[in-house]
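Data first, discussion second: the structure below is written as structure tokens.
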Amino acid sequence: MPRYAAHAPPGPPSPASADRVALALQGFSWPALLFGPWWLAFHRLWRALLGWIVATLALTVGGYALGAPPAAVYVGQTLIALWLGLQGADLRSAALARSGRPLVDIVAAADEDAALATFFARWLEDGPAAPD
């Protein structure tokens with residue numbers, strides 16, 4: 001079952017702050033792997049996008065300048081994409097925490113709507129559970 005990291009604004013739970021709650025799907029991110037820079041831009045992960053650009057340019061330009069075979073450059077770019085697929089969810093959660101929405105709960109649910117319903121039930125009634 002998918003797990004979602006729930007990021008909410010600081011302070012006591014209230015219906016007024018519910019619109020600032022964000023869910024980040026945890027685990028491997030196929031869209032981040034396949035559409036790396038576009039996925040980063042879509043989620044407004046500007047620091048990570050800048051890092052992706054620098055790493056990709058350094059690998060490509062540096063690889064060809066040093067005489068590396070094209071296959072080696074391709075393998076390096078594939079490893080960058082794989083790393084982004086593995087770490088995409090963590091990058092998104094870290095960006096949400098930096099933007100003033102700390103991690104307040106981890107919710108397991110079938111889809112995002114069910115995760116939001118479960119999270120709001122916990123958050124507004126009992127307060128957030130401590131994440132594991």
Scanning region 31-53 residue by residue, those over 19 Å from residue 96 (Cα atoms), open to solvent by 90 Å² or more (accessible area, probe 1.4 Å) and either of a type in the set (A, V, I, L, M) or at pLDDT below 95 (or both) turn out to be 34
If the Cβ limit is 9 Å and pairs must be 6+ apart or interchain, which residue in region 63-92 that is under 20 Å from residue 36 (Cα atoms) pairs with which residue that is in a helix (DSSP H, G or I) and of a type in the set (D, E, K, R)? 91/47
Go through region 99-121 and give me each residue that's open to solvent by less than 80 Å² (accessible area, probe 1.4 Å) and of a type in the set (D, E, K, R). 101, 105, 111
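Being out of contact with any strand residue (DSSP E or B) (no Cβ under 8 Å at 6 or more places or on another chain) and in contact (Cβ under 8 Å) with a residue 40 or more places away in the chain is the filter here, so list the residues in region 15-30 that pass it.
Across region 15-30, the qualifying residues are 15, 18, 20, 28, 29, 30.
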Of the numbered conditions (1) modelled with pLDDT under 90; (2) under 15 Å from the mean Cα position of the chain (by Cα), residue 120 fails exactly one; give the number of that condition. (2)
Can you go through 72, 55, 95, 32 and tell me which one is at negative phi, assigned to a helix (DSSP H, G or I) and touching a Phe, Trp or Tyr at 6+ places or on another chain (Cβ under 6 Å)? 32
Would you mind stating whether residue 67 is more than 24 Å from residue 113 (Cα to Cα) and either outside any helix (DSSP H, G or I) or touching a strand residue (DSSP E or B) at 6+ places or on another chain (Cβ under 8 Å) (or both)? yes
If you scan region 7-21, which residues turn out to be surrounded by 10 or more Cβ atoms within 10 Å (Cβ to Cβ), hydrophobic (A, V, I, L, M, F, W, C) and modelled with pLDDT under 75? 18
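The values are calculated or read from the model by the stated rules, or taken from the named source; none is laboratory data. Here the structure is a predicted model, which means the values were calculated and not measured. Methodologically, a virtual Cβ is constructed for each residue, glycine included, from the backbone with ideal geometry; neighbour enumeration extends over all protein chains shown. What goes into the accessible areas is simple: the full protein's heavy atoms, side chains included, and nothing from ligands, DNA or RNA. Shrake-Rupley method; radii C 1.70, N 1.55, O 1.52, S 1.80 Å.
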